[in-house]
1. Might you report the magnitude of the Cβ-based charge dipole of the chain about its Cα centre, with Lys and Arg at +1 and Asp and Glu at -1, to the nearest 20 debye?
2. By its C-alpha gyration tensor, with a ≥ b ≥ c as the square roots of the eigenvalues, how is the stretch 129-226 shaped: rounded for a/c under 1.5, else prolate for a/b larger than b/c, else oblate?
3. Take residue 257, project a point 7 Å from its Cα along the Cβ direction, then tell me which residues of the stretch 225-241 have their backbone nitrogen under 18 Å from it.
4. Please give, to one decimal in nm, the separation of the simple spin-label points placed at residue 155 and residue 118, each 7 Å out from Cα toward the Cβ.
5. Run the simple label-point estimate for residue 3 and residue 67 please: 7 Å along Cα→C-beta, distance reported in nm.
6. Evaluate the chain: find the radius of gyration of its Cα atoms, find its Kirkwood radius, and give the ratio Rg to Rh.
7. How large are Rg and Dmax for the stretch 42-159 when calculated on the C-alpha trace, in angstrom?
8. Could you give the alpha-carbon Rg of the stretch 138-179 over 2.2 N^0.38 Å, rounded to two decimals?
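Read-outs: derived from the displayed coordinates by stated rules, not from any lab. Quantities reported herein were computed from a predicted structural model and do not represent experimental measurements. Every residue, glycine among them, receives a Cβ derived from its backbone with ideal geometry; neighbour counts consider all protein chains shown.
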Amino acid sequence: MLSKRLIICLDVRDKKVTKGIKFKGNVDIGDPVEMAAEYYRDGVDELVFYDITASAEGRPIDIEMVREVAETIFIPFSVGGGIRGVEDMRRALLAGAEKVSVNSLAVKNPEIIRDGAKAFGNQCVVLGMDAKHVGKSDKIPSGYEIVIQGGRKPMGIDALEWAKKAEELGAGEICLNSIDADGTKEGYEINLTRMISQAVGIPVIASGGAGTPDHIVDVFKDGRADAALVASMVHYGEYTCSGIKEYVSDKGVKMRMCAKR
């Protein structure tokens, strides 16, 4: 059994880490490079950076921030937001990111997944999926619909079918975010996570809703996730990376344990 991963997400807006609830009411909470260094020292496995306003503002991702992070930490990290094509992927990877996440762009132009995988390898392409529970229907048989543009635009696309298609196109990993659970700290959307995890053969990162270490244990055991993404529970100092990993390991989940750096 492969070890599970703990990943911290940093949503970045105007060069500051920001956090909201269900994609609304964002509040700035710190410097992304300084926070990345702190989490790296505390033993996190990976980091994810989303430039959350880049796409809406029609600009590329903040490459200078990517470079600064790459010079500060020595663990894998992925970036997303403002990725408009293969050349933007290339710039991000050359700046030091290990993976590039595509979300709205991939929904509008699915071939970007194939093009990115062909150019850089499947392992470099992460599909970011924002899904919202809408109930089962002929159009949305899974009951979960894909939403883009930071949760503002429903697309009429079934989340389960989109995950399968993205894997076929060459995505190496899926970061699955529940809009309903995002920022609530009430637990991950277990049903959604398990559904996607069982349907694809690539790693699935559970995102949205982590509030306690028990939520992480649940999404690993019941949700079948390969990795758990957290934000609020560490950003506000309630928990540490090392403390979370120790707790989850004590509950019988195989984690990548290491000393603080």
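1. On the way: 35 positive and 39 negative charges, 67 e Å.
So the magnitude is around 320 debye.
2. In terms of gyration-tensor shape, oblate.
3. Residues 240-241 fall inside that zone.
4. It works out to 2.0 nm between the two label points.
5. Spacing of the two 7 Å Cα→Cβ label points: 3.2 nm.
6. Details: Rg = 16.8 Å, Rh = 18.0 Å.
Using only Cα positions, Rg/Rh for the chain is 0.93.
7. So, for the stretch 42-159, Rg and Dmax equal 15.2, 49 Å respectively.
8. Output field value: 1.16.
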